[in-house]
Structures are given as C-alpha cells and as structure tokens.
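The values are calculated or read from the model by the stated rules, or taken from the named source; none is laboratory data. Predicted, not measured: the structure shown is a model, and the values here were computed from it. No Cβ is skipped: glycine too gets one built from the backbone with ideal geometry, and neighbour counts run over all protein chains shown. These accessible areas exclude ligands, DNA and RNA; they are computed on the full protein's heavy atoms, side chains included. Shrake-Rupley method; radii C 1.70, N 1.55, O 1.52, S 1.80 Å.
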Amino acid sequence: MAEDIRMDSHKLIYHPETVARWLKGENIYPVEIEISPSGTCNHRCVFCAVDYIGYQPAFLDKEVLLRDISHMGKKGLKSVICSGEGEPLLNKDMPDIANGIKSCGVDVAMSTNGVLFTKEKITECLGAFSWVRYSIASMEPDSYNKIQQGKTDDLEKVKENLSEAVRFKRDKNLTTTLGVQCLLLPDNAGQLPHMAGTLREIGVDYLTVKPYSQHLHSKNKFEIDYEEMLDLEKQLREYATDDFAVYFRASTMKKMHHEKCYRQCYGLPFMTHIDAKGNVWPCVAHIGTEEMCYGNIYDQPFEQIWEGSRRQEINGLLNQMDINKVCREACRLDEINKYLDELKHPGLHVNFI
C-alpha cells in the first residue's frame, strides 16, 4: 500500500501528457480540485488553518458544482477532494455531490472529522469515494476533546462510524481506502502508539501522521520542534501489518523551517480550490484575500474563470512573490514544485539516461 499511495511524495509523474502540455506553455485544466462543500464546522480544532474565515454557514450548490465538474472532466479534471474550510457532511447534499461527481467520470474523495459520517450516510455514498480520510487527533477522550473541541461524546461516535464504514466496505466488497490522518502536536505525541493499535483493531487501512503547517492568516500559532519527535516513527512502524499501513511523514517534518529550493509555484495550474461560497482560489493559502480570487462559479462557469484574463493576471502576481514569505511550509504542492522546477531547469547531460 505504501508504494501505491505515495503519501510523502506526489503523483504528477502519472500524468505525463498533461505535464508535457504545461511545459509547452498550454493552458491546462487542473488534474485535481479541492472543494469546500461546507464553510462551517462542528469542531473548532486548535490547529485549524482557516479559523480566520469564521466558520461561515455557506454551502456549495450541488447543481452549479456538478454542472462545472461535468465540463471540467472533459477538459482534463481527474479528481475532486471534498474538504476545505469546514466539515463536508454539514452540507445536506454531500451524498448527492459525491455520487454526482463519480457519475461524471471523475474520482472523488473526502476528508472528514467522521462525527457525521453515520451508517445512513455511509450506505448512501461510501461506494462513490476512492478514499475517505478521517481527521482524528487522538483516541483518548480528554486529549481528543482538548484538541478538536467538539461535543464530549464525539470520539465515541467517530469510533462507531469508523467501525461501520469498515464493516460496510467489507460486506459490499468496496475498494474505498479508509484512512486516518493525525496532526502531530506535543499534546498527542505520546498517545500515537495507542492510537495506531486501536485503529488497527477497528480495521482501517492506514494511519498517517503529519506535521503542523502554519497558515499565514490563521489565528492559531504553533512553534513545534519535530526533530524531537522523529523517534516516534520506529514505535509506530511496529503496528504496521500487511493490512494496516503506518505513514509517519518524517521527510516532511525534516523540511519544516527550511527555505524552498524553487522560486515560484509551478503547481498552480494542476490544482485549485473552490470554497463554500463558490469562489475559485489559486490554493488554500490565499482563501479570503479578495485580490487573489479568480472568480465565482455562481457568476461564471468555471471554464470562463479558468481561461479568463483575471486568473492570468493573478498568477502573474503570484509568480513575482517570495514564496518563502507568502506560502505555507511543506504545502501540498511542495513535492510537485520540486519536480516541475527540475523539468524547467534540467541539469547537464540529461540525454545520458
């Protein structure tokens, strides 16, 4: 499973035709988009990157969204991640959105805190997802409640829902990958071995442990020395089996507080973000900065936004910025940018393969 998911790397190498068109200067469409079905959330996680937006009760309209997904699929879109500013399942149409995206021939996945992914919702849409990733800070109630700040019985609900998802997946012989993501913090570091053991018993496919990446606008501020926590990897690996993988993202942790080796974000054409109000953004780092908004899918079809002059102007501005000052550390596009930078600036003797 580790080689298939490439958790600490990137998968752009599997889209050589799109990369080749980009290298020629063509206006490619995103391979992946992230959408925010909901702008609000039932948790107030201490690590939330977009707390500055204010958890606004906005919800993407499924008809408008699916209209654009259908067209984008014909232009090169391969996948949609339902995640973003809030909890996706607070959008009452989330099952229809997931099934609708899948029916467009586009892969769909979801990140969720899992509280609302009940048996009913699992039955309605689990089969549509390529993967579902649960965000869980701990399997110990006190720590979980302190970090995720939901209702006091939320962790028990999450455990029940995880078990139900595993059961349903097995009964229906689904290929959906069920994983748990844990953000490594000083408050939960010592509990991760217990967490790995519990998740293995429940029957999920993997646990991934990643570092906190500070958003420039977030109200939450953390200074974490991950060098002190790298020994956790060895402890967690002991829980891995053929059926349960552990991804401890040590290479990403080691990149924290280091300057990027590239000078601009080349990955922007390959991935974009649509928020709960329908605004289209270059990436999560710029949500809420109005001058960086490409447009809104309620005002224009995505095709017009993507091919319009405003997007080109904004990307021109982004290319002039110091990415070490305006971008998050170890962002999702980091490995993609390294790869594209190398293609843009090859070394000597590249024909001697």
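Filtering segment 269-282 down to residues that are touching a residue at least 60 places away in the same chain (Cβ under 8 Å) and open to solvent by 20 Å² or more (accessible area, probe 1.4 Å), which residue is farthest from residue 63 (Cα to Cα)?
269
Looking at segment 193-207 only, could you name the residues that are over 14 Å from residue 230 (Cα atoms) and surrounded by fewer than 23 Cβ atoms within 10 Å (Cβ to Cβ)?
194, 197, 198, 200, 201, 202, 203, 205
Report, by residue number, each residue of segment 37-60 that is in contact with a helix residue (DSSP H, G or I) (Cβ under 8 Å, 6 or more places away or on another chain), open to solvent by less than 30 Å² (accessible area, probe 1.4 Å) and over 22 Å from residue 221 (Cβ atoms).
The answer is 37, 38, 39, 40, 60.
Could you check segment 24-66 and list, in sequence order, the residues that are of a type in the set (Ser, Thr, Tyr) and at pLDDT 95 or above?
Answer for segment 24-66, where residues must be of a type in the set (Ser, Thr, Tyr) and at pLDDT 95 or above: 29, 36, 38, 40.
Please go through (1) in contact with a Leu (Cβ under 9 Å, 6 or more places away or on another chain); (2) open to solvent by 70 Å² or more (accessible area, probe 1.4 Å) for residue 327 and return the number of the only condition it doesn't satisfy.
Looking at each condition in turn, residue 327 falls short on (2).
Is it the case that residue 101 is within 19 Å of residue 167 (Cα to Cα), of a type in the set (Val, Ile, Thr), modelled with pLDDT of 95 or more and not in a strand (DSSP E or B)?
no
Would you check if there is a residue in segment 110-124 being among the hydrophobic types (A, V, I, L, M, F, W, C), under 16 Å from residue 32 (Cβ atoms) and crowded, with 18+ Cβ neighbours inside 10 Å?
Within segment 110-124, one or more residues are among the hydrophobic types (A, V, I, L, M, F, W, C), under 16 Å from residue 32 (Cβ atoms) and crowded, with 18+ Cβ neighbours inside 10 Å.
Cβ-Cβ below 6 Å, separation at least six or inter-chain, first residue in segment 145-174 and under 16 Å from residue 125 (Cβ atoms) and acidic (Asp, Glu), second open to solvent by less than 40 Å² (accessible area, probe 1.4 Å) and not in a loop (DSSP other than H, G, I, E, B): which pairs?
What qualifies is 164/122.
Which residues, counting only those in segment 208-239, are open to solvent by less than 30 Å² (accessible area, probe 1.4 Å), touching a Pro at 6+ places or on another chain (Cβ under 9 Å) and hydroxyl-bearing (Ser, Thr, Tyr)?
226 - this is the single residue of segment 208-239 that is open to solvent by less than 30 Å² (accessible area, probe 1.4 Å), touching a Pro at 6+ places or on another chain (Cβ under 9 Å) and hydroxyl-bearing (Ser, Thr, Tyr).
Across segment 283-324, which residue is most open to solvent (accessible area, probe 1.4 Å) among those that are closer than 14 Å to residue 267 by Cβ and in contact (Cβ under 8 Å) with a residue 60 or more places away in the chain?
Per the criteria, the residue is 284.
Looking at 198, 208, which one is touching a Cys at 6+ places or on another chain (Cβ under 9 Å) and hydroxyl-bearing (Ser, Thr, Tyr)? Give the steps one after another, and end with the answer.
Values: 198 fails: touching a Cys at 6+ places or on another chain (Cβ under 9 Å).
None of the others qualify; the one that does is 208.
Are any residues in segment 1-30 in a helix (DSSP H, G or I), open to solvent by less than 60 Å² (accessible area, probe 1.4 Å) and under 30 Å from residue 240 (Cβ atoms), and if so, which ones?
Listed by number, the residues that qualify are 2, 5, 12.
Would you check which residues across segment 242-259 are open to solvent by 20 Å² or more (accessible area, probe 1.4 Å) and either out of contact with any strand residue (DSSP E or B) (no Cβ under 7 Å at 6 or more places or on another chain) or free of Cβ contacts under 8 Å to residues at least 12 places away in the same chain (or both) and list them?
Scanning segment 242-259 gives 242, 243, 251, 254, 255, 257, 258, 259.
So which residues in segment 165-185 are open to solvent by 20 Å² or more (accessible area, probe 1.4 Å) and of a type in the set (S, T, N, Q)?
173, 175, 177, 181
Return the residues of segment 307-353 that are farther than 25 Å from residue 217 by Cβ, part of a helix (DSSP H, G or I) and not charged (D, E, K, R); say none if nothing qualifies.
309, 339, 340, 343
Being over 24 Å from residue 336 (Cβ atoms), touching a Gly at 6+ places or on another chain (Cβ under 9 Å) and of a type outside the set (Val, Ile, Thr) is true for just one of 29, 52. Which residue is that?
None of the others qualify; the one that does is 52.
Count, please, the residues in segment 129-160 that happen to be open to solvent by less than 60 Å² (accessible area, probe 1.4 Å), over 18 Å from residue 87 (Cα atoms) and part of a helix (DSSP H, G or I).
Residues that pass the stated criteria total 1.
Would you point out which residue out of 33, 81, 69 is crowded, with 21+ Cβ neighbours inside 10 Å and part of a helix (DSSP H, G or I)?
The match here is 69.
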